[in-house]
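A short write-up of the structure that comes next.
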Amino acid sequence: MSLIQIQNYINGNLVDAISGNALSNVNPATGEIFAMIPDSDSADVLEAIEAAKCAQADWSNMPMETRFDWIMKIANGIQARFDEFVLAESTDNGKPTWLAAQSDIPRAISNFKFFASAQMNFPSESHHTPGQGLNYTLRRPLGVVGCISPWNLPLYLFSWKIAPALAAGNTVVAKPSEITPYTSYLLSTVCKEIDFPKGVLNVVHGLGAKVGQAIVEHKDIKAVAFTGGTQTGRIINEICARQFKKVSLELGGKNPNIIFDDANLEEAVDTTIRSSFNNQGQICLCGSRIFVQESIYEAFKSLFIKRVEALTVGDPYTDINLGAVVSQDHQQKILSYIQLAKEEGGTILTGGEAFHPEGRCKNGFFIKPTVIEGLSHLCRVNQEEIFGPVVTLTPFKSEVYAIEMANSTPYGLACSIWTQDVKKAHQVAEQIESGIVWINTWMVRDLRTPFGGMKESGMGREGGFEAMRFFTEPKNVFVKY
Ligand code: NAD
């Protein structure tokens, strides 16, 4: 089968890297190269920034309704090729097709629809200064902005950045992960099909240190919206700080699930299965540290393990629960943490090794869903982000101790609390150091709510008007009367 040739999208054209160099793109479920992507560099980024600068005035001054129409055309263009996007996301990332069809692609479509409408509803503020006059706040687009996204929810997170950036009237230079570039390429083919205005959205493929960093460093990039690892976020933050550049960072996590003894056990187990192993545990919001109150610890454990052992792993195109993890390197990283757990005194209750399916996927990168117990909450396995189908179980006696363990990592992204006691739920939610808390559920997302992390999980918030505020510059105007 011939390889798919992924191209950059610059100034409305689909083009190869100027250098002509390319990188290979592997299907993690088979281990085979299925596509080539441009190995771009600062020369390609420069062309994209120039195109975005030229397109800026027309795009930002366009009537809101026309901009709404354009962004909706992107959403409808993805919808019209829904099955193609689903298959592409699964092939590129290793995730089950059912998950791409239920979550990734519908959510990418929603992101465009949501922000197309948000820009029409985004209110401006005014403040009356009694006896003197009136202040009003203008919010203008920033100009050309950079959007950089990771591999775990490729189109979902790529669109979560570029949709508000475009809606707010900016033009965009975007870089998807080099590990999962396929659906962002398909998105650029949709833009081409609908004749989206040239230069408004530019997609440059390639390595983070070459392409991503060139975007971040360029003086004409007015803001950077980044989702990815904490270490990369630190590098980007330092560069932006030197230039006083606006930056939004959505970074790693090590999220706790706290299950109290008055929780609905069936529901808690059911949802914890999803929060542990959805997308092979590769969602920044996955709960990887499960704290269970002592009196129900054994009951939870036996039910949970039974359910985990019933999960199926294998060919993402079939009706399995878990597909492949994203790459061989990532598989090795996850396995090294399982080894570390053993060295740190943990007991593997189930899983704990790679999985080798028969047939088409025999060379793919799979890991059995893994549950570990017997570890200190302060050991490396419970402090560092693994980002795979690996969770730990830890008992706790009191609420105070559960909160202390939950807050003990450098991260603070998300938390799930399970209890029937409304008072306790609110009290614990207040004390948890994370940007997002769910009570008796997980990953319910309303796109209007602020999304982001505390501590080393990030800086700033995305979602709803938070994103519209990030992508605009407020200016106060005072009128004397
Ligand atoms: P990563 O940091 O390695 O890469 C993310 C993106 O940054 C990629 O496009 C990459 O090419 C680019 N990049 C790498 N080095 C760069 C540099 N020096 N300058 C500019 N760009 C650079 O992360 P990843 O491995 O792709 O993704 C996994 C991580 O993302 C996990 O830590 C996960 O928790 C995190 N994540 C966070 C959220 C959130 O909302 N907080 C959501 C999803 C994933």
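The values are calculated or read from the model by the stated rules, or taken from the named source; none is laboratory data. From a predicted model like this one, the values you see are computed outputs, not experimental measurements. Cβ placement follows ideal geometry from the backbone for every residue including glycine, while neighbour counts extend to all protein chains displayed. Side chains included, ligands, DNA and RNA excluded: accessible areas come from the protein's heavy atoms. Shrake-Rupley method; radii C 1.70, N 1.55, O 1.52, S 1.80 Å.
Structure notes:
- Surface accessible to a 1.4 Å probe, per residue, for the residues of region 342-385, Å²: 48
- Reciprocal mean inverse distance between Cα atoms of the chain - Kirkwood radius, Å: 23.2
- Projecting the Cα atoms of PRO357, THR392, SER376 onto the charge dipole of region 313-394 (Cβ charges, centred on the Cα centre) puts PRO357 farthest toward the positive pole.
- Share of carbon and sulfur in the accessible heavy-atom surface of the chain [1.4 Å probe, %]: 53
- For the peptides 56-67, 448-459, the ranking by mean Cβ contacts within 10 Å, running from highest to lowest, is 448-459, 56-67.
- Reach of LYS362 by Cα under 18 Å, taken over lysines that are not fewer than 8 positions away in the same chain: LYS95
- Judged by the gyration tensor of its Cα atoms, with axes a ≥ b ≥ c, region 176-220 is oblate; a/c meets the 1.5 cut and b/c is at least as large as a/b.
- Think of each Lys and Arg Cβ as +1 and each Asp and Glu Cβ as -1; about the Cα centre, that makes the dipole of region 87-205 roughly 220 debye.
- Cβ-based net charge around ALA116, under 9 Å, with every Lys or Arg adding one and every Asp or Glu removing one: +1
- Only DSSP H runs of four or more residues enter the estimate; each adds -39500 (n - 2.57), and after division by the residues of the chain the mean residue ellipticity at 222 nm equals -12000 deg cm²/dmol.
- Contact order relative to length of the chain, as percent, for alpha carbon pairs under 8 angstrom and 6 or more apart: 19
- Antiparallel bridges, percent of DSSP beta bridges restricted to the chain (to nearest 5): 45
- Mean shadow area of region 293-366 over all directions, Cα convex hull, nm²: 6.1
- Computed E for THR189/GLU267 - FRET, C-beta separation, R0 41 angstrom, nearest 0.05: 0.45
- If you take the alpha carbon atoms of region 42-84 and fit the smallest convex hull around them, that volume is 77 Å³ per residue.
- In terms of the mean number of neighbouring beta-carbon atoms within 10 Å, the peptides 314-326, 340-352 order highest first as 314-326, 340-352.
- Extension gain for GLN427-LYS219 works out to 70.3 nm (0.36 nm per residue, less the C-alpha to C-alpha distance).
- Nearest-ten-degree value, helix 294-309 long axis tilted from longest Cα axis of the chain: 70
- Angle in degrees between helix 230-242 and the longest Cα principal axis of the chain, rounded to the nearest 10: 30
- The length gained by stretching the chain between HIS127 and ASP69 to full extension, at 0.36 nm per residue less their Cα-Cα distance, is 17.7 nm.
- Cβ-derived FRET efficiency at R0 30 Å, SER376 paired with GLN339, nearest 0.05: 0.95
- Cα gyration tensor, region 1-129 - rounded (a/c under 1.5), prolate or oblate: oblate
- Placing a label point 7 Å from the Cα of GLN243 along the Cα-to-Cβ line, the residues of region 13-46 whose backbone N sits under 14 Å from it are 42-43, 45-46.
- Taking a straight Cα-Cα cut-off under 27 Å and skipping sequence neighbours fewer than 8 places away in the same chain, the lysines within cross-link reach of LYS455 are LYS161, LYS175, LYS222, LYS245, LYS246, LYS254, LYS333, LYS397, LYS423, LYS424.
- Net charge in the neighbourhood of ARG469 (other residues with Cβ under 11 Å of its Cβ; Lys, Arg +1, Asp, Glu -1) is -1.
- Probing with 1.4 Å while keeping every protein chain in the model, the per residue accessible area of region 388-447 equals 41 Å².
- Ordering of 268-281, 229-242, 391-404 by burial proxy (mean other Cβ atoms within 10 Å per residue, highest first): 268-281, 391-404, 229-242
- Label-to-label distance, nm, for residues given as GLU32 and ARG360 (7 Å Cα→Cβ offset): 1.0
- Length released on extending from ALA80 to VAL479, taking residue separation times 0.36 nm less the Cα-Cα span: 138.7 nm
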